[in-house]
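Only one structure is covered here, and it is reproduced in the block below.
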Amino acid sequence: MDAATQRGPAQAEAQASPHSAVHTQGGLLPLPTQSSLPAITRDELLGLYRQMALIRRVEELAAKAYTQRKILGFCHLYIGQESVAVGAAVATKGDYWMAAYREHGHAMAKGTSARAVMAELYGRRDGASRGLGGSMHIFDREHDFLGGYGIVGAHVPLAAGVAFAAKYRGEGRVALCYFGDGAAHQGAFFEALCLAQLYKLPAVFICENNFYAMGTPLHRQSALADMSLRADGIGMQRDAFEGFDVELVRERVARAADYARAGNGPVMLEIVTYRHRGHSMSDPAKYRPAGELEQYKEESDPLKITLRRLTEDFGVTEAELEALQAGVEAECEDAVAFAEASPIPDPADLYRYTYAPQQTTMGVGEAAPTFTIPALRAQKEG
Amino acid sequence: MATLQIREALRRAMVEEMRRDDRIFLMGEEVGHYNGAYKVSQGMLEEFGEQRVIDTPISENGFAGLGVGAAMVGLRPIIEFMTWNFSLVAYDQVINSAAKIYQMSGGQYSAPMVFRGPNGTAENLAAQHSTSVDSLYAHFPGLKVVTYCDAADAYGLLKAALRDDGPVCFLESELTYGMKGEVPDEEHIIPLGQAKVRRAGRDLSLITWGKQVFTCEAAAKQLEADGIDVEVVDLRSLRPLDHQTLFASVAKTRRAVVVHEGHLFAGVGAEIVARLQEALFDVLEAPVLRVTSRDVPQPYASNLEKLVNPDAARVVEAVRKSLGR
């Protein structure tokens with residue numbers, strides 16, 4: 001094993017410091033050393049734990065339904081990485097999110113219900129994307145979750161565009177974009193980061209480095225072990241850290257979001273994580289070195305880490321945890337029942353979503369309905 | 001009536017729509033400070049500023065995708081490709097993102113935007129700068145593909161494309177940017193999906209679009225001298241396709257030749273021939289023929305280039321073959 005595959009929980013402390021070193025070249029402002037978030041409370045952490053437990057249980061039930069051929073196609077599970085999306089959501093609930101194809105957990109962390117996710121996996125009418133998207137294309141406009149995408153790295157420019165729109169309209173909102181270590185080799189990824197930095201867009205690009213691009217380990221796909229170093233060549237602010245502890249993710253993503261929101265430009269984050277399952281349901285993940293998975297499950301499972309903190313530092317009781325787990329179980333059972341009962345899409349709707357219905361008027365001499373640039377809007381109104 | 005160059009007509013469409021709707025911005029290589037590689041966007045930076053007329057690095061995949069993302073959350077980007085040849089490095093964004101987003105999100109997000117730039121052969125630009133991308137984009141449901149031949153249509157069709165609520169590929173031509181034509185002074189908008197009969201005739205229908213309309217009109221004139229009366233139909237929009245005008249013309253003349261710049265193999269002409277024989281097999285008097293760019297990458301030398309491109313002589317020959325005279 002070389003350095004790339006050895007990076008893991010044992011190296012966490014040693015690696016955290018060079019990765020977290022503030023990059024100030026090129027006149028960039030440093031990242032804040034503390035986020036705008038208040039100190040975490042017992043209730044808040046319990047809530048984050050519940051969200052992680054819910055995501056894990058939904059994924060486990062999705063795996064079960066997949067083996068029963070109730071869920072079809074490709075299905076990529078987020079088990080092991082839950083702390084990333086759940087921690088990141090705290091400071092970015094009202095922002096835009098975009099993710100790749102391992103996105104069930106991101107959607108739920110952003111607010112999509114377990115019901116809507118499960119029904120989408122089942123290909124049903126009540127699914128988040130009405131059964132048209134499936135596992136890789138969960139969208140939820142209500143929660144500004146702008147989708148799951150299946151072309152590796154190709155959604156990163158889209159996220160830059162969302163950030164562009166947020167800046168254009170002066171919204172004060174940020175676009176968060178999640179992708180894996182595999183995506184950090186795609187041209188689209190580099191182009192998006194270059195554009196985002198050039199235009200100083202309010203975006204946070206999050207590389208969830210889980211060490212494997214499908215079956216190819218990091219050291220065989222990249223000469224660099226830390227994906228956030230990509231940002232150096234672009235002149236972008238960056239940060240890198242291990243993401244197994246939801247509290248740490250909460251704080252460090254909040255700092256990046258604060259930075260981008262304040263108009264300082266985008267940030268690239270590398271969050272080191274680990275998936276417990278294969279790339280997709282069809283992958284037994286036999287390429288992992290013996291003992292690696294077991295070590296991560298033992299030492300770096302986000303649920304175990306937070307559970308320990310809750311019981312040891314916040315005095316959460318066994319009874320409380322049992323009640324929490326029962327609630328999660330009930331919510332998941334309800335989600336599965338909901339998906340099973342939801343009707344399949346209406347064949348009459350097959351062509352309905354190919355072209356958006358025309359709503360903009362073609363009328364000669366008519367004004368457009370809205371002005372989106374604040375300065376122009378003010379001019380027009382005042 | 002004002003006499004405008006096509007580039008001016010296109011600019012007028014963009015400027016009018018940008019004054020009307022501040023969700024529209026123009027983004028591309030050299031569109032701002034350089035005033036456009038072909039001067040289509042001349043003066044637009046001055047009027048709208050850097051916030052809305054945005055120069056990009058040479059990064060089509062990136063800025064085409066950026067446009068899709070901005071469109072998904074409510075802006076209406078104009079993404080200019082310096083030529084459509086360069087769109088091929090952004091093909092994934094146009095196809096996998098722009099065209100599919102409405103469907104794969106179950107109707108929650110769409111990408112109202114215009115991708116535009118010059119398409120097809122110019123002169124002596126050789127293999128990599130002479131591609132006609134018509135069939136590459138017309139293939140995909142979710143996209144509209146629009147083109148024009150003269151200044152009035154350039155103006156009216158681009159206006160409609162800018163108001164469309166989905167992604168539109170708008171195909172222009174380097175060779176005709178300077179061509180002048182009359183454009184009505186008052187605002188006008190030509191709905192997408194309406195073909196135009198440029199010349200009525202009874203013996204055969206020439207089905208074409210873009211600057212090949214002029215090739216067909218020249219051929220029609222030559223044939224007229226021999227008493228052959230052909231109709232010239234400018235499709236203007238490949239998607240949506242105006243079946244009604246297409247079928248009505250061919251039902252009347254009973255013969256057709258499709259003329260286009262894209263290559264023969266799997267070109268848009270093949271689709272039109274298929275649709276004609278499916279709908280009108282019983283009225284057709286002869287096989288529907290095609291005159292297209294020949295199936296070779298575009299050569300540089302002028303004599304070879306002329307052999308590749310459709311021209312009036314080849315159109316005349318095809319018409320005569322169809323008519324048997």
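Once you average over the residues of A:346-356, how many Cβ atoms of partner chains fall within 10 Å of each Cβ?
5
Sorted from fewest to most neighbouring beta carbons within 10 Å, what does the list B:Val250, A:Val86 look like?
Details: B:Val250 24, A:Val86 28.
Exposure proxy ranking, most exposed first: B:Val250, A:Val86.
Using the number of other C-beta atoms within 10 angstrom as an exposure proxy, rank B:Asp282, A:Asp301, A:Asp346 with the fewest first.
Details: B:Asp282 6, A:Asp301 21, A:Asp346 11.
Least to most surrounded, the residues fall as B:Asp282, A:Asp346, A:Asp301.
Let's see if you can work this out: charge +1 on each Lys and Arg Cβ, -1 on each Asp and Glu Cβ, no other charges. What is the dipole magnitude of chain A about its Cα centre, in debye to the nearest 20? Kindly include the intermediate steps, with their values, before the conclusion.
Details: 38 positive and 47 negative charges, 215 e Å.
In total the dipole reaches around 1040 debye.
Compare the Cα positions of B:Leu66, B:Gly166, B:Gln128 along the charge dipole of the range B:2-183 (+1 at Cβ of Lys, Arg; -1 at Cβ of Asp, Glu; about the Cα centre) and return the one farthest towards the positive end.
Value: B:Gly166.
Go through the range B:274-325 and name the GluC sites (Glu not before Pro) that are in a DSSP coil and have 13 or fewer other Cβ atoms within 10 Å of their Cβ.
Working: sites: B:Glu278, B:Glu285, B:Glu305, B:Glu317; in loops: B:Glu285.
For GluC sites (Glu not before Pro) across the range B:274-325 that sit outside H, G, I, E and B with at most 13 neighbouring Cβ atoms in 10 Å, the list reads B:Glu285.
Spelling out what I want: for every residue of the range A:280-289, take phi, set θ = phi - 60°, compute 6.51 cos²θ - 1.76 cosθ + 1.60 (Karplus), and round to whole Hz; glycine and proline get x.
9, 4, 8, 10, x, 6, 7, 7, 7, x
Can you say what percent of the DSSP beta bridges in the range B:2-183, counting only those with both residues inside, are antiparallel? Round to 5. Intermediate results must be reported in sequence, preceding the final value.
Details: 4 of 25 bridges.
Bridges in the range B:2-183 are about 15 percent antiparallel.
Please compare each pair in B:Lys39/B:Lys211; B:Lys159/B:Lys180; B:Lys180/B:Lys321 to a cut-off of 27 Å on the Cα-Cα distance and tell me which ones are over it.
Working: B:Lys39/B:Lys211 19 Å; B:Lys159/B:Lys180 18 Å; B:Lys180/B:Lys321 34 Å.
Violating the 27 Å Cα-Cα cut-off are B:Lys180/B:Lys321.
List the trypsin sites (Lys or Arg not before Pro) within the range A:243-313 that DSSP assigns to loop and that have no more than 16 neighbouring Cβ atoms inside 10 Å. Mind showing how you got there, number by number?
Numbers: sites: A:Arg250, A:Arg252, A:Arg255, A:Arg261, A:Arg275, A:Arg277, A:Lys286, A:Lys297, A:Lys304, A:Arg308, A:Arg309; in loops: A:Arg275, A:Arg277, A:Lys286.
In loop regions of the range A:243-313 (DSSP not H, G, I, E or B), the sparsely surrounded trypsin sites (Lys or Arg not before Pro) are A:Lys286.
Could you grab the relative contact order for chain A? Cα pairs under 8 Å, six or more apart, rounded to a whole percent. Intermediate values should be presented prior to the final figure.
Numbers: 684 pairs, mean separation 90.2, N = 382.
Reported relative contact order: 24 percent.
Among the lysines, which have Cα under 19 Å from the Cα of A:Lys286 when same-chain residues fewer than 8 positions away are ignored?
A:Lys297
To the nearest Å, what is the center-to-center distance of the range A:29-102 and the range B:214-290, using C-alpha atoms only?
Centre-to-centre (Cα) distance: 56 Å.
Counting Lys and Arg as +1 and Asp and Glu as -1, what is the net charge of the other residues whose Cβ lies under 10 Å from the Cβ of A:Gly363?
Working: positive: B:Arg163; negative: A:Glu366, B:Glu187.
Local charge sum for A:Gly363: -1.
By DSSP, what percent of the beta bridges with both residues in the protein assembly as shown are antiparallel, rounded to the nearest 5? All intermediate terms of the calculation are to be shown ahead of the outcome.
Numbers: 12 of 69 bridges.
Roughly 15 percent of the DSSP beta bridges within the protein assembly as shown come out antiparallel.
What value, in deg cm²/dmol to 500, does the helix sum -39500 (n - 2.57) over DSSP H runs of n ≥ 4 give at 222 nm once divided by the residues of chain A?
Working: 14 runs with 159 residues, N = 382.
About -12500 deg cm²/dmol.
Over the range B:196-323, what is the relative contact order in percent, taking alpha-carbon pairs closer than 8 angstrom and at least six residues apart? Show your work: numbers first, answer last.
Values: 231 pairs, mean separation 35.6, N = 128.
Once divided by the residue count of the range B:196-323, the mean separation gives 28 percent.
Could you give P(r) for the range B:196-323, binned at 10 Å from zero, as whole percent values over all Cα-Cα pairs?
14, 48, 31, 7, 0
For chain B, take the longest principal axis of its alpha carbons; what is the angle in degrees between that and the long axis of helix B:151-163, to the nearest 10 within 0 to 90?
Helix B:151-163 and the main axis of chain B meet at about 50 degrees.
Whole-Hz Karplus ³J(HN,Hα) for the range B:222-229, in order, using 6.51 cos²θ - 1.76 cosθ + 1.60 and θ = phi - 60°, x for Gly and Pro?
Using θ = phi - 60°, the values come out as 4, 5, 4, 4, 9, x, 9, 10 Hz.
Set the Förster distance to 45 Å, then compute FRET efficiency between A:Ala223 and B:Asn124 from the Cβ-Cβ distance, nearest 0.05. Display every interim value, and only then the final one.
Details: r = 42 Å, r/R0 = 0.94.
About 0.60, to the nearest 0.05.
Rounded, prolate or oblate: which fits the protein assembly as shown when a ≥ b ≥ c are the square roots of the eigenvalues of the alpha-carbon gyration tensor, with rounded for a/c under 1.5 and prolate only if a/b beats b/c? Intermediate values should be presented prior to the final figure.
Numbers: a/c = 2.28, a/b = 1.92, b/c = 1.19.
It is prolate, given that a/c is not under 1.5 and a/b is the larger ratio.
Straight-line reach from A:Lys200: which lysines have Cα under 19 Å away, leaving out those fewer than 8 places along the same chain?
Qualifying lysines at Cα under 19 Å: A:Lys167.
Which order results if B:Met82, B:Met104 are arranged by neighbouring Cβ count within 10 Å, fewest first? Spell out each step's value before the answer.
Details: B:Met82 19, B:Met104 26.
Arranged by neighbour count, lowest to highest, B:Met82, B:Met104 become B:Met82, B:Met104.
Which whole-Hz ³J(HN,Hα) couplings does the range B:29-43 yield from phi under the Karplus relation 6.51 cos²θ - 1.76 cosθ + 1.60, θ = phi - 60°, glycine and proline marked x?
6, 6, 6, x, 4, 7, 6, x, 4, 10, 6, 5, 9, 4, x
If we count every other residue with Cβ under 12 angstrom of B:Ser322's Cβ, Lys/Arg +1 and Asp/Glu -1, where does the sum land? It would help to have the intermediate numbers written out before the result.
Numbers: positive: B:Arg254, B:Arg255, B:Arg290, B:Arg320, B:Lys321, B:Arg325; negative: B:Asp203, B:Glu285, B:Glu317.
Within the 12 Å Cβ shell, the charges total +3.
Give the Cα extents of chain B along the principal axes, in whole Å, largest first.
60, 42, 41
Are there chymotrypsin sites (Phe, Trp or Tyr not before Pro) in the range B:1-70 that DSSP puts in a loop and that have at most 15 other Cβ atoms within 10 Å, and which ones?
In loop regions of the range B:1-70 (DSSP not H, G, I, E or B), the sparsely surrounded chymotrypsin sites (Phe, Trp or Tyr not before Pro) are B:Tyr34.
Antiparallel as a % of all DSSP beta bridges within chain A, to the nearest 5?
Details: 3 of 26 bridges.
That works out to approximately 10 percent antiparallel.
Send over the semi-axes of the range B:2-183's equivalent ellipsoid, whole angstrom and largest first, taken as the square roots of 5 times the C-alpha gyration tensor eigenvalues. List each step's numbers first, then the result.
Working: eigenvalues 104, 72, 50 Å².
Ellipsoid half-lengths, sorted descending, are 23, 19, 16 Å.
Pop the C-beta distance of A:Phe74 and A:Ala378 into the FRET formula with R0 = 60 Å and round what comes out to the nearest 0.05. Could the numbers behind the result be given before it?
Working: r = 48 Å, r/R0 = 0.80.
E between A:Phe74 and A:Ala378, to the nearest 0.05, is 0.80.
May I ask for the angle, rounded to the nearest 10°, between helix B:243-253 and the longest principal axis of chain B, with both axes built from Cα atoms and the value confined to 0 to 90°?
It works out to around 20 degrees.
Only the coordinates and a few stated rules stand behind these numbers; no lab work does. No experiment lies behind these values; they were computed from the predicted model shown. Glycine also receives a Cβ, built like all others from the backbone with ideal geometry; neighbour counts cover every protein chain displayed.
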